[in-house]
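Engineer: Quick one: the structure is below, questions incoming.
The values are calculated or read from the model by the stated rules, or taken from the named source; none is laboratory data. As the structure is a prediction and not an experimental result, all values here were calculated from the model. With ideal geometry, Cβ positions are generated from the backbone for all residues, glycine too; neighbour counts draw on all protein chains shown. Quick note on the areas: whole protein, heavy atoms, side chains included, nothing else; ligands and nucleic acids left out. Shrake-Rupley method; radii C 1.70, N 1.55, O 1.52, S 1.80 Å.
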Amino acid sequence: KKYDFVGIGNPILSNSNKDNQNEIIRGLFEEYETRGYVNTEQLMYFPELPETEEELKNIQSNFDIKKTKLYLRNDANEETIKKANLSNAKFIVFASHALVSGEIDDLKEPGIVLTPTDNKNENEGLLLASEISNLNLINTDLVVLSACNTSSSSAANSIPLSGLAKSFFLAGAKSLIVSGWSVESNSAAYLSSGIFKKAMNEDINFSTALQNTINEMIDKNLHPLMWAPFILVGDI
């Protein structure tokens with residue numbers, strides 16, 4: 001089935017420890033040294049992002065709902081996303097937490113946080129860059145990564161497939177909207193929702209839609225930290 005829009009977000013995590021993310025990240029790998037295996041118990045301490053579900057549903061409203069698919073909560077897990085036929089998805093949005101390679105010593109490549117299912121197999125809750133590169137996104141015009149640090153460069157000691165942006169291009173995506181540093185979640189939701197509303201309803205390209213949405217945020221006197229991280233790379 002062909003999809004105009006696929007959204008992935010609002011994984012099942014936790015509402016606690018919102019101010020202690022660095023300690024949480026370190027705990028992910030303290031018992032699991034093999035790349036790709038993390039401590040699911042620790043992963044569950046990441047704060048939940050309920051606003052991402054509203055974000056994805058707002059974007060979905062710009063399309064014929066029969067030609068869309070949302071993976072939320074239990075469905076926003078590694079196994080489901082890997083098995084999903086994303087090769088026929090025109091636009092894809094990931095709305096969650098993201099981790100950068102080198103952010104902690106044991107994390108050799110970045111990943112997107114999804115719902116943890118089992119810490120003893122490959123579905124522990126981090127969709128890693130090397131796994132993303134194996135997705136088939138050959139017909140995807142645009143992927144939006146509504147998360148922190150999704151365009152950050154690889155750390156010096158990271159493996160070659162270390163950048164989230166690079167991994168999506170390797171998977172076949174034509175264009176990406178990514179962030180250069182940490183983002184505030186509600187602002188990210190406003191920006192991604194605005195981009196699709198403008199692009200779909202005003203018949204403009206996504207580059208212009210991004211610029212117009214940023215201009216709106218500037219007009220609202222929002223701090224640059226709220227809108228400046230986002231850039232579009234690619235040919236759309």
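Engineer: Counting just the residues of the stretch 188-228 that are among the polar types (S, T, N, Q) and without any contact (Cβ under 8 Å) to a residue 60 or more places away in the chain, which one comes out surrounded by the most Cβ atoms within 10 Å (Cβ to Cβ)?
Structural biologist: Only one residue tops the list, namely THR213.
Engineer: Here are LYS69, LYS57: which of them is open to solvent by 30 Å² or more (accessible area, probe 1.4 Å), modelled with pLDDT of 95 or more and part of a helix (DSSP H, G or I)?
Structural biologist: Of the residues listed, the single one that is open to solvent by 30 Å² or more (accessible area, probe 1.4 Å), modelled with pLDDT of 95 or more and part of a helix (DSSP H, G or I) is LYS57.
Engineer: Scan the stretch 153-170 and tell me whether some residue there is at pLDDT 90 or above, of a type in the set (A, V, I, L, M, F, W, C), out of contact with any Asp or Glu (no Cβ under 9 Å at 6 or more places or on another chain) and under 20 Å from PHE196 (Cβ atoms).
Structural biologist: Yes, there is a match, as at least one residue in the stretch 153-170 is at pLDDT 90 or above, of a type in the set (A, V, I, L, M, F, W, C), out of contact with any Asp or Glu (no Cβ under 9 Å at 6 or more places or on another chain) and under 20 Å from PHE196 (Cβ atoms).
Engineer: Report yes if some residue within the stretch 14-29 is assigned to a loop (DSSP other than H, G, I, E, B), in contact with a strand residue (DSSP E or B) (Cβ under 6 Å, 6 or more places away or on another chain) and at pLDDT 55 or above; otherwise report no.
Structural biologist: no
Engineer: Taking interchain pairs and intrachain pairs at least six residues apart, which have beta carbon atoms under 6 angstrom, with the first residue in the stretch 132-148 and β-branched (Val, Ile, Thr) and the second crowded, with 22+ Cβ neighbours inside 10 Å and not in a helix (DSSP H, G or I)?
Structural biologist: Partner pairs satisfying both residue conditions: THR140/ALA89; THR140/ILE92; THR140/ALA173; VAL143/ILE92; VAL143/ALA173; VAL143/LEU176; VAL144/VAL93; VAL144/ILE177.
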